[in-house]
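Here is the structure we will look at, set down as structure tokens.
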Amino acid sequence: MIGPWLDAFGPPTPGVVGLLFLAKAALAAALILIETAIGIVIRRRVQAACLERVVLGRWDVLRGQQVGRWIGALTEELPLLTRYVTSFFSALYLLISAALLSVMAAAVAPTLAMGLAALAVPAWLALKALYSLQSRLARSQASARQGLAADLTESLAGIFQAKASGETASLLRRALRRQAEVFQRELQIGWTLGVLAAINPLAMGAALLALAAWGGDASAASFGGVGVLAFRAATSVNALVATLGTLTRTVGSLKPLDDLAIIPEEPPREPLGERLVSARLEGAVYSQGGRRVLDGASLVVEPGRLLLVTGPSGSGKTTLINLLAGLFAPEAGRVVYRGASGAEHDASSRRARVAYVAQDVHLFSGTVRENLDPDGALADEALWRSLERAGAAEFVRARGGLTSALAEFGRSLSGGERRRLAVARALASEADLLALDEVTNGLDDASKAALVASIAELAREMPVVAVTHDAAAFASASPRVFTLAGGARPAP
Amino acid sequence: MNSLKLAYSVLKRCGLPDARMKLLLATYYLLTPVGAALDGLAWLQLVRLVAAEATPRPG
């Protein structure tokens, strides 16, 4: 007789047993479905939230980081984090299952069940040591994986220059620098998996031998009852062991995602609420990497004449634009926006619409229209007006108009055309202030002259500031010139 | 344990567990013991059925 308490369920018939198995199968399927749904909820939310952190994070924190690491975290590490979390939930589930089945086994034949449980202790100690090793290896592998993603992104971003200069071999070497490290860790993890695979059958074999030795005076039915429950519990424990292994192998992915999740958001700033007439820097002080880059800079950007900021490399030209745009906060001094109403607003609390056009123009693969107006909110007339003002209408028309396609990063355009299109995009977004960073770099004389003429025209009607080390290129625009002396000194 | 804390902190910063995830988890852990009990019961009843068949009937 096994488990007299089972009599409460009535005499077993093939029909009842069959129904029990069907119900158990339906429940197992439902649990897997729920597990999948939990995984999807996590991936969706964490990916969106981390992407938000990158896009809305503080610029002074983001600018020192590697884009490749973000891409690696959002694509490769995220599914592993999800597996880590769902594995944790599965582990709890398996633990509950194994515990319940063990309790049932103890109710059927207590001595046999206790004997089997004692065997689990040494197996568990061996597993614990292996998991600790796996966890260390996984962290180290995740770090190497992040490095590989960063190296690949950095190297491939410069593929065209490398092709032109015939340096593709060194680019490949650099891109794959960390590959060996990643796979070395993977091989080490493989060794631990091999040992794990041997531990499970060993423990199972020992358990069955013990059952045969201690179960001598037990009835065939209780031997069978405990055997089948022990087998089911061991199946849960096996799955639990595999799941704990997944936990330790995916633990390395937590750090890269945590690094993204802790990026501080930019402090909230209200929109200006009116048209910007001028932007003013008053005694701005800013340090970077222990160097005082700006030490009390004061200037005004207003419509009428282009403001040209010149100075040697490292003199703080780009920092100055970042301060005017409100992306950096000055350590001392302030940035003031004056609105059309005459009211003055501090840049630390108000956000102006600043269009920033740099030497490396950021254009997407897609149509000209998609690049000018990603949300598709503007009419064709408004886009053509922006293109006209930026001096870009002619070449866009020649290339087939607003629906003509652009290659990634705008590679199908010349350097001058790319920058004109970027200026047109800035104008289409109805920016209040146009900030240009070394926009004439690398252009031929004719392209420079045409671009500068368009900029001078725009500067008559809106505040425009351009930083450059090539002041001569802007001479035809008769700009006001602000010169930064350079020679940054250590920050006090 | 530190890893679990780290995982929880990532989820929390990302606004999880939200209402949907809590509902899914509650359902999951409500069904878990039911599934395990059904599993054990189904196998035990099968063993009883086989044992009953194997036991000679009186007379």
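The values are calculated or read from the model by the stated rules, or taken from the named source; none is laboratory data. For clarity, every value in this text was computed on a predicted model and none was experimentally measured. Cβ placement follows ideal geometry from the backbone for every residue including glycine, while neighbour counts extend to all protein chains displayed.
May I ask you to list pairs of residues, at least six apart or on different chains, whose Cβ atoms are under 8 Å apart, with the first in region A:81-104 being free of Cβ contacts under 8 Å to residues at least 12 places away in the same chain and the second being surrounded by 19 or more Cβ atoms within 10 Å (Cβ to Cβ) and assigned to a helix (DSSP H, G or I)?
Once the first residue is free of Cβ contacts under 8 Å to residues at least 12 places away in the same chain and sits in region A:81-104, its partners that are surrounded by 19 or more Cβ atoms within 10 Å (Cβ to Cβ) and assigned to a helix (DSSP H, G or I) give A:Leu92/B:Thr32; A:Ile96/B:Thr32; A:Ile96/B:Ala36; A:Leu100/B:Ala36; A:Leu100/B:Gly40.
When you check A:Leu148 against the structure, is it over 30 Å from B:Leu4 (Cα atoms) and modelled with pLDDT of 85 or more, yes or no?
Spelling it out, it is not the case that A:Leu148 is over 30 Å from B:Leu4 (Cα atoms) and modelled with pLDDT of 85 or more.
Give all pairs with beta carbons closer than 7 Å in which a residue from region A:17-43 that is touching a residue at least 24 places away in the same chain (Cβ under 8 Å) meets a residue that is outside any helix (DSSP H, G or I); count only pairs at least 6 apart in sequence or on separate chains.
That search, which allows pairs on different chains as well, returns A:Ile42/B:Leu16.
Which of the residues spanning region A:360-411 are of a type in the set (Gly, Ala, Ser) and more than 22 Å from A:Glu457 (Cβ to Cβ)?
Selection gives A:Ser365, A:Gly366, A:Gly376, A:Ala377, A:Ala379, A:Gly400, A:Gly401, A:Ser404, A:Ala405, A:Ala407, A:Gly410.
Report, by residue number, each residue of region A:61-110 that is hydroxyl-bearing (Ser, Thr, Tyr), farther than 19 Å from B:Leu30 by Cβ and touching a helix residue (DSSP H, G or I) at 6+ places or on another chain (Cβ under 7 Å).
Hits for region A:61-110 are A:Thr82, A:Tyr84, A:Ser87, A:Ser102.
Please go through (1) surrounded by fewer than 20 Cβ atoms within 10 Å (Cβ to Cβ); (2) within 25 Å of A:Pro267 (Cα to Cα) for A:Cys50 and return the number of the only condition it doesn't satisfy.
Unmet condition: (1).
Scan B:Leu38, B:Leu6, B:Leu24, B:Leu49 and give me the residue that is in a helix (DSSP H, G or I), modelled with pLDDT of 90 or more, surrounded by 14 or more Cβ atoms within 10 Å (Cβ to Cβ) and facing chain A (nearest Cβ under 7 Å). Outline the logic, then answer.
Numbers: B:Leu38 fails: modelled with pLDDT of 90 or more; B:Leu6 fails: modelled with pLDDT of 90 or more; B:Leu49 fails: modelled with pLDDT of 90 or more.
Just one listed residue meets the conditions, B:Leu24.
I'd like to check which strands (runs of 3 or more DSSP E) are fully inside region A:341-442 and have at least 2 residues that are crowded, with 18+ Cβ neighbours inside 10 Å, assigned by TED's automatic domain parsing to the domain that holds A:Ser476 and touching a residue at least 60 places away in the same chain (Cβ under 8 Å). If you could, list the steps in order and put the result at the bottom.
Details: elements: A:344-346, A:354-358, A:433-437.
It comes to A:354-358, A:433-437.
Of the conditions (1) touching a Gly at 6+ places or on another chain (Cβ under 7 Å); (2) crowded, with 20+ Cβ neighbours inside 10 Å; (3) more than 30 Å from A:Ala340 (Cβ to Cβ), A:Leu276 satisfies every one except a single condition; which number is it?
A:Leu276 satisfies every listed condition except (3).
Could you tell me whether any residue of region A:371-392 is modelled with pLDDT under 90, among the polar types (S, T, N, Q) and out of contact with any strand residue (DSSP E or B) (no Cβ under 7 Å at 6 or more places or on another chain)?
yes
May I ask you to verify whether A:Gly10 is more than 10 Å from chain B (Cβ to nearest Cβ) and farther than 21 Å from A:Ala149 by Cα?
Working: more than 10 Å from chain B (Cβ to nearest Cβ): no; farther than 21 Å from A:Ala149 by Cα: yes.
No, not satisfied.
Out of A:Glu77, A:Glu154, I need the residue that is at pLDDT 80 or above, surrounded by 21 or more Cβ atoms within 10 Å (Cβ to Cβ) and either within 14 Å of A:Ser253 (Cα to Cα) or not hydroxyl-bearing (Ser, Thr, Tyr) (or both). Which one?
A:Glu77
Quick check on A:Thr111: is it outside the structural domain of A:Ala329 (by TED's automatic domain parsing), among the β-branched types (Val, Ile, Thr), surrounded by fewer than 19 Cβ atoms within 10 Å (Cβ to Cβ) and modelled with pLDDT of 85 or more?
Numbers: outside the structural domain of A:Ala329 (by TED's automatic domain parsing): yes; among the β-branched types (Val, Ile, Thr): yes; surrounded by fewer than 19 Cβ atoms within 10 Å (Cβ to Cβ): yes; modelled with pLDDT of 85 or more: no.
So A:Thr111 fails the test.
How about region A:285-302: which of its residues are closer than 17 Å to A:Glu344 by Cα and part of a strand (DSSP E or B)?
Once the filter is applied, which keeps residues that are closer than 17 Å to A:Glu344 by Cα and part of a strand (DSSP E or B), region A:285-302 yields A:Ser298, A:Leu299, A:Val300, A:Val301.
So, of the residues in region A:308-333 that are in a strand (DSSP E or B) and buried (at least 22 other Cβ atoms within 10 Å of the Cβ), which turns out to be farthest from the chain's Cα centre (by Cα)?
Result: A:Leu308.
Return the residue satisfying two criteria in turn: it lies in region A:105-141 and is farther than 19 Å from A:Leu196 by Cα and among the hydroxyl-bearing types (Ser, Thr, Tyr), and of such residues it is farthest from the other protein chains (Cβ to nearest Cβ).
That would be A:Thr111.
Can you tell me which residue in region A:34-49 is nearest to B:Gly35 (Cα to Cα), limited to those that are more than 7 Å from every other protein chain (Cβ to nearest Cβ) and under 14 Å from the mean Cα position of the chain (by Cα)?
For region A:34-49, the residue satisfying everything is A:Arg43.
Regarding A:Ala120, is this residue farther than 17 Å from A:Leu247 by Cβ, in contact (Cβ under 8 Å) with a residue 24 or more places away in the chain, surrounded by 16 or more Cβ atoms within 10 Å (Cβ to Cβ) and of a type outside the set (S, T, N, Q)?
Yes: the conditions hold for A:Ala120.
Name, by its number, the condition in (1) crowded, with 19+ Cβ neighbours inside 10 Å; (2) under 17 Å from B:Leu11 (Cβ atoms) that does not hold for A:Leu20.
Only one criterion is unmet by A:Leu20, namely (2).
Condition check ((1) touching a Lys or Arg at 6+ places or on another chain (Cβ under 6 Å); (2) within 9 Å of chain B (Cβ to nearest Cβ); (3) part of a helix (DSSP H, G or I); (4) closer than 30 Å to A:Asn322 by Cα) across all residues:
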position: A:Val17; (1), (2), (3), (4): no, yes, yes, no
position: A:Ile32; (1), (2), (3), (4): no, no, yes, no
position: A:Val54; (1), (2), (3), (4): no, no, yes, yes
position: A:Trp70; (1), (2), (3), (4): no, no, yes, yes
position: A:Pro79; (1), (2), (3), (4): no, no, yes, no
position: A:Thr82; (1), (2), (3), (4): yes, no, yes, no
position: A:Ser87; (1), (2), (3), (4): no, no, yes, no
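What are the residue pairs meeting all of these: first residue in region A:180-191, first residue not assigned by TED's automatic domain parsing to the domain that holds A:Gly252, second residue assigned to a helix (DSSP H, G or I) and crowded, with 17+ Cβ neighbours inside 10 Å, Cβ atoms under 7 Å, and 6 or more apart or on different chains?
Taking only residues 6 or more apart or on different chains, not a single pair turns up.
Quick check on my filter: what residues within region A:90-104 are more than 9 Å from chain B (Cβ to nearest Cβ), small (Gly, Ala, Ser) and over 32 Å from the mean Cα position of the chain (by Cα)?
Of everything in region A:90-104, just one residue is more than 9 Å from chain B (Cβ to nearest Cβ), small (Gly, Ala, Ser) and over 32 Å from the mean Cα position of the chain (by Cα), namely A:Ser102.
What do you reckon, is A:Ser278 part of a strand (DSSP E or B), closer than 21 Å to A:Phe482 by Cα, touching a Lys or Arg at 6+ places or on another chain (Cβ under 9 Å) and polar (S, T, N, Q)?
Here the answer is yes, as A:Ser278 does meet what is asked.
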